[in-house]
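S.K.: Sharing a structure below in structure tokens format, with a few things to ask.
The values are calculated or read from the model by the stated rules, or taken from the named source; none is laboratory data. For clarity, every value in this text was computed on a predicted model and none was experimentally measured. Using ideal geometry, Cβ is built from the backbone for each residue, glycine included, and neighbour counts are taken over all protein chains shown. Side chains are part of the model used for accessible areas, which takes the heavy atoms of the whole protein and leaves out ligands, DNA and RNA. Shrake-Rupley method; radii C 1.70, N 1.55, O 1.52, S 1.80 Å.
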Amino acid sequence: MKVDNGVTNFAVYEDATEFYGMAEVTLPEISSITEEVKGAGISGTFNGAFVGHIEAMTLTLNFRSVTADAIRLAEPRNHQIDLRASQQAWDNASGRFKQTAVKHILMVTPTKLAPGKLAPASPAEASGEYAVTYFATYIDGVKKLEIDILNFIYFVNGVDYLADVRKALGK
């Protein structure tokens, strides 16, 4: 039996440069676009999800202080962010902790920079918010999730659920 413990640690990169001073990251939520379905032959309503179509995604990066890196990420352009994490789990069969490599790759553009606060002997709690157009997750080097809004890709566990849509649209 394997029991997940959580994130051992993580690192944030852009253009192979590691950002220091990171406190935490809030990854995008993936929420399907839905439409209320009602009509003849249905005894009520339900929210029908459009396959592969998702609500706007947002990434939040929290810094301990205002840094040159935080300000660079406010440049109004695309930024490719590479989040690398080591996740720990207890493997009861071997009686050891195991580490799993998890990598998230995101294409983002800045929407907000919050420089935080100033107080003696305390973190500034600066943060940035970013609109996400591409989000992929790899676990131990295997692609598990890829969402590419601009290129009609919605890939989950080996299946691209928008492949037929691209074909129908001639893409």
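S.K.: Based on the alpha carbon coordinates of the stretch 95-139, what radius of gyration and maximum Cα-Cα distance (Dmax) apply, in Å?
M.R.: For the stretch 95-139, the Cα-based Rg and Dmax read 16.8, 46 Å.
S.K.: Quick one: Kirkwood hydrodynamic radius for the stretch 113-171, alpha-carbon pairs, angstrom, one decimal?
M.R.: 14.5 Å
S.K.: Convert each backbone phi in the stretch 44-61 into a coupling constant with the Karplus relation 6.51 cos²θ - 1.76 cosθ + 1.60 (shift: θ = phi - 60°), then list the ³J(HN,Hα) values in order as whole Hz, x for Gly and Pro.
M.R.: For the stretch 44-61, the Karplus curve yields x, 10, 8, 8, x, 8, 8, 4, x, 9, 10, 5, 4, 9, 9, 10, 10, 10 Hz.
S.K.: On the principal axes of its Cα set, how long, how wide and how thick is the stretch 11-59? Give whole Å, largest value first.
M.R.: The principal-axis extents, from largest down, are 58, 20, 12 Å.
S.K.: Note down the nm distance, to one decimal, between modelled labels 7 Å out along Cα→Cβ at Phe97 and at Asn9.
M.R.: With each label point 7 Å from Cα toward Cβ, the separation is 1.1 nm.
S.K.: Output wanted: per-residue J couplings in Hz (rounded whole) for the stretch 99-113, from phi through Karplus 6.51 cos²θ - 1.76 cosθ + 1.60, θ = phi - 60°, x for Gly and Pro.
M.R.: Result, rounded to whole Hz: 10, 10, 7, 10, 10, 10, 10, 9, 9, 9, 10, x, 10, 7, 10.
S.K.: Give the peptides 103-109, 134-140 in descending order of average Cβ contacts within 10 Å, highest first.
M.R.: 103-109, 134-140
S.K.: Based on the alpha-carbon gyration tensor of the chain, what equivalent-ellipsoid semi-axes (square roots of 5 times the eigenvalues) come out, in whole Å, largest first?
M.R.: 33, 24, 17
S.K.: Gain in length, Met1 to Ala163, computed as 0.36 nm per residue apart minus the alpha-carbon separation, to one decimal in nm?
M.R.: Once the chain is fully extended between Met1 and Ala163, it gains 54.7 nm.
S.K.: State in Å² the accessible area per residue of the stretch 46-171; use a 1.4 Å probe, count heavy atoms of protein chains only, and round to the nearest integer.
M.R.: Ligands and nucleic acids excluded, the figure is 58 Å² per residue.
S.K.: In the stretch 1-116, what percent of the accessible surface is made up of carbon and sulfur (1.4 Å probe, ligands and nucleic acids excluded)?
M.R.: Solvent-exposed carbon and sulfur of the stretch 1-116 make up 51 percent of the total.
S.K.: May I ask you to give the average projected area over all directions of the convex hull of the Cα atoms of the stretch 23-86, in nm² rounded to one decimal?
M.R.: Convex hull of Cα atoms, orientation-averaged projection: 7.6 nm².
S.K.: Would you tally the net charge around Arg166, using a Cβ to Cβ cut-off of less than 15 Å, leaving Arg166 out, and scoring K and R as +1, D and E as -1?
M.R.: Summing Lys and Arg as +1 and Asp and Glu as -1 gives -2.
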